[in-house]
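**Student:** Handing you this structure, nothing more for now.
Throughout, read-outs are computed from the coordinates displayed, never taken from laboratory work. Everything numeric in this text was worked out from a predicted model, so none of it was measured. Neighbour counts run over all protein chains shown; Cβ positions are idealised from the backbone, glycine included.
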Amino acid sequence: MASKKDLLKRIEQRESELKNCVESEHQAQRLITALKKERDEHLQFMEENKTLRSEQVVAEQIQKSMLPTAYPAFPEHPQIELFAVMEAAREIGGTFTITLQSTKHAFAS
């Protein structure tokens, strides 16, 4: 991904090229205005995306902290076996969990 500085430099170069290619100063100004608007929207999108990604990282860390880290999870109860897997979502949504009874005394969730 290009840095802001590189992006601004390329836009300035394009502005100069546009001035050389268009028929009138008015047409050039319209194109430059549209290009600057697009640049601003892109920069805003990049900032929002960076913020969202940092929030996702924090959410993933919080979610992972809820999983057991020591196995067996209940050493005082060897009859209980516990295993957990978690993959953090990349989009905002709910939690999907399913629990199945595999035998009379065993459950899978």
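**Student:** Test Ala34 against the stated conditions and say whether it is more than 30 Å from Glu87 (Cβ to Cβ), of a type outside the set (S, T, N, Q) and without any contact (Cβ under 8 Å) to a residue 24 or more places away in the chain.
**Tutor:** For Ala34, the condition - more than 30 Å from Glu87 (Cβ to Cβ), of a type outside the set (S, T, N, Q) and without any contact (Cβ under 8 Å) to a residue 24 or more places away in the chain - is met.
**Student:** Name every residue in region 17-27 that is under 20 Å from Leu7 (Cβ atoms) and touching a helix residue (DSSP H, G or I) at 6+ places or on another chain (Cβ under 7 Å), in order of residue number.
**Tutor:** Leu18, Lys19
**Student:** Mind checking which residues of region 13-29 are surrounded by fewer than 13 Cβ atoms within 10 Å (Cβ to Cβ) and in a helix (DSSP H, G or I)?
**Tutor:** Residues satisfying the conditions are Gln13, Ser16, Glu17, Asn20, Cys21, Glu25, His26.
**Student:** Another one. Examine region 34-56 for a residue that is under 34 Å from the mean Cα position of the chain (by Cα) and outside any helix (DSSP H, G or I), and state whether such a residue exists.
**Tutor:** Keep residues of region 34-56 that are under 34 Å from the mean Cα position of the chain (by Cα), which gives 34-56.
Imposing the further condition that a residue be outside any helix (DSSP H, G or I) reduces the set to none.
No: region 34-56 contains no residue that is under 34 Å from the mean Cα position of the chain (by Cα) and outside any helix (DSSP H, G or I).
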